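Notes to accompany the following structure.
The values are calculated or read from the model by the stated rules, or taken from the named source; none is laboratory data. Treat the numbers as computed from the prediction; the structure is a model and nothing was measured. Ideal geometry is used to build each Cβ from the backbone, glycine not excepted, and the neighbour counts take in all protein chains shown. Surface accessibility is based on the protein's heavy atoms, side chains included, excluding ligands, DNA and RNA. Shrake-Rupley method; radii C 1.70, N 1.55, O 1.52, S 1.80 Å.
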Amino acid sequence: MHIGNLRTALYCYLYARRHKGIFILRIEDTDQERFVPGATEIIYQTLQECGMTHEEGPDTGGKYGPYVQSQRKDIYLRYAKRLVQLGGAYYCFCSKERLETLAEEQSGANGEKTYKKYDKHCLHLPKEEIKRRLAAGEPYVIRQNIPLSGTSSYTDLVFGEISVDFSDIEDNILIKSDGLPTYNFANVVDDHLMKISHVFRGSEYLSSTPKYNLIYDTFKWERPQYIHLPLIMRDAQHKLSKRHGDANFDDFIKKGYLPEAIVNYIALLGWSPGDNREKLSFAELIAAFDIAGISKSGSIFDEPKLRWLNAQYLKELSPEEFNRRAIPFYEQSKVKNKYDYAKLSALLQSRAEILSDIPDAVDFLEEFGDFDNALYLNQKQKVDAAVAKAALTALIPAVEAISDWSLTTIHDSVSAFAETSGFKKGQLLWSARIAVTGRASTPGGAFEMFDLLGKPETLRRLKYSLERL
Ligand code: ZN
């Protein structure tokens, strides 16, 4: 599910919860050409992972089902025929060839494609002819009859007063030749029949809303409230698009973000609680959500900020829960099945920003070799390669002498040794940590690293690194 779609669902959900409304899941699957197998399952799974439960939907049922548009075909056709009787739509028998010719005629003098507008040819067919052609089983579509002139206005709860000239709108197809409705028609009929009060959707629909309103008005149905949402941008110029492969909820889960952090972050993409809060629980989001806080301008998807937020959520997990969520990432790392994951998790929980940082943070346990001796340089501890060489030379016998290898004994023995060694404790620990990991940053200090590696491996690495010095 695209992050933009998830945000739309989230705002619907938050608004419904805040106002004790009902959150409905409807599957809009009438565009057979765009049908993607498995997409419906992704919708269910994503909503579930994000904690957005629907009261009505294909799986839960409800008073206004069926909730899958392809199962409502007859309903749309019935309403479309009524709309024809009311003058709001008409049958169109135009062939593909005629429509193509029409598009060519309307092309600019230099051959550039200009706005393709249907010429209302079939609106003027005699009633008898329509009857005859329908009876003969001729293929047809049903088109919306948009007035040739005039203006339509409505008030969007985010963007305010929106006016569109009818002359800018085409007689869109409402029912296709396969008998299925287009979004243009199905969403209006369903929103009315399912008693939808608030329509949240992307701002790309701002200018098509007047044609939906025209259908409501012709049927004398009450229009819903409209809440169009600002775009989500990759940067100042570009929309967050599927093409980049990192705009879907799943992409972020794979990268090791927690669903609760994603929900929190996307709630803030285009909406603000009106204060400086950035970390809000689901309950806090529901309590604070207000349409007045939705912005008109596009918001930029800021992944570093999501990372920061995710780190906060990781720290709050219980150690068991952190470890449970981290396991798939240990399984992708070089330590797979070789280390006690819970022990690693205890070190990583306060450091990891996203779970996919884990393999890189632990791989040194299994992957150790050549590294740059410049890593020993530490001005604060007054360590350089020469000091490190002397420190390691002194430390190795003390480490060899530790008999009962545990975090406590390592700590006590090395600390005691430091007292009489002539080195500062910090110099010993810094040199030792670099020597056994070959890394500037590690998930813990020298004691923790010794403990993880075990005595034989610790000594092997200390000696190897000393040799290199
Ligand atoms: Zn026609």
Can you go through Val158, Val164 and tell me which one is more than 16 Å from the ligand (Cβ to nearest atom), touching a residue at least 60 places away in the same chain (Cβ under 8 Å), buried (at least 18 other Cβ atoms within 10 Å of the Cβ) and under 34 Å from the mean Cα position of the chain (by Cα)? Val158
Has the range 29-40 got at least one residue that is modelled with pLDDT of 95 or more, more than 22 Å from the chain's Cα centre (by Cα) and either assigned to a loop (DSSP other than H, G, I, E, B) or surrounded by 13 or more Cβ atoms within 10 Å (Cβ to Cβ) (or both)? no
If I ask for residues that are over 13 Å from Ala432 (Cα atoms) and either hydrophobic (A, V, I, L, M, F, W, C) or open to solvent by less than 70 Å² (accessible area, probe 1.4 Å) (or both), which ones from the range 398-413 would you list? Ala401, Ile402, Trp405, Ser406, Leu407, Thr409, Ser413
Return the pair list, or none, for Cβ contacts closer than 6 Å from residues in the range 325-342 that are among the aliphatic types (A, V, I, L, M) to residues that are open to solvent by 40 Å² or more (accessible area, probe 1.4 Å) and outside any helix (DSSP H, G or I), at least 6 apart or on different chains. Val335/Glu366
Going through the range 316-327 one residue at a time, which ones are out of contact with any Lys or Arg (no Cβ under 8 Å at 6 or more places or on another chain) and more than 13 Å from Ala342 (Cα to Cα)? Glu316
Please list, ordered by first then second residue, the pairs with beta carbon atoms under 9 Å, 6 or more apart or interchain, first in the range 119-147 and over 21 Å from Thr218 (Cα atoms), second open to solvent by less than 30 Å² (accessible area, probe 1.4 Å) and more than 12 Å from the ligand (Cβ to nearest atom). Tyr140/Ile175
Could you check, for the range 264-275, whether at least one of its residues is open to solvent by 10 Å² or more (accessible area, probe 1.4 Å), assigned to a loop (DSSP other than H, G, I, E, B), at pLDDT 95 or above and closer than 26 Å to Glu56 by Cα? no
Considering only the range 328-343, how many residues are outside any helix (DSSP H, G or I), of a type outside the set (Asp, Glu) and open to solvent by 50 Å² or more (accessible area, probe 1.4 Å)? 5
What is the one condition in (1) under 30 Å from the mean Cα position of the chain (by Cα); (2) over 26 Å from Pro224 (Cβ atoms); (3) not hydrophobic (A, V, I, L, M, F, W, C) that Ser177 does not satisfy? (1)
Of all residues being closer than 30 Å to Ala292 by Cα and either modelled with pLDDT under 95 or surrounded by 11 or more Cβ atoms within 10 Å (Cβ to Cβ) (or both) in the range 123-154, which is farthest from the ligand (Cβ to nearest atom)? Just the residue, please. Tyr154
Unique match (being open to solvent by 20 Å² or more (accessible area, probe 1.4 Å) and touching a Ser or Thr at 6+ places or on another chain (Cβ under 7 Å)) among Ala394, Ala416, Ala385: Ala394
On the basis of being out of contact with any Lys or Arg (no Cβ under 7 Å at 6 or more places or on another chain) and either within 16 Å of the ligand (Cβ to nearest atom) or farther than 20 Å from Tyr91 by Cβ (or both), does Phe200 make the cut? yes
Flagged in the range 196-205 as open to solvent by 30 Å² or more (accessible area, probe 1.4 Å) and of a type outside the set (S, T, N, Q), in numbering order, are Ile196, His198, Glu204, Tyr205
Every listed condition ((1) more than 16 Å from the ligand (Cβ to nearest atom); (2) assigned by TED's automatic domain parsing to the domain that holds Ser167) holds for Val36 save (2)
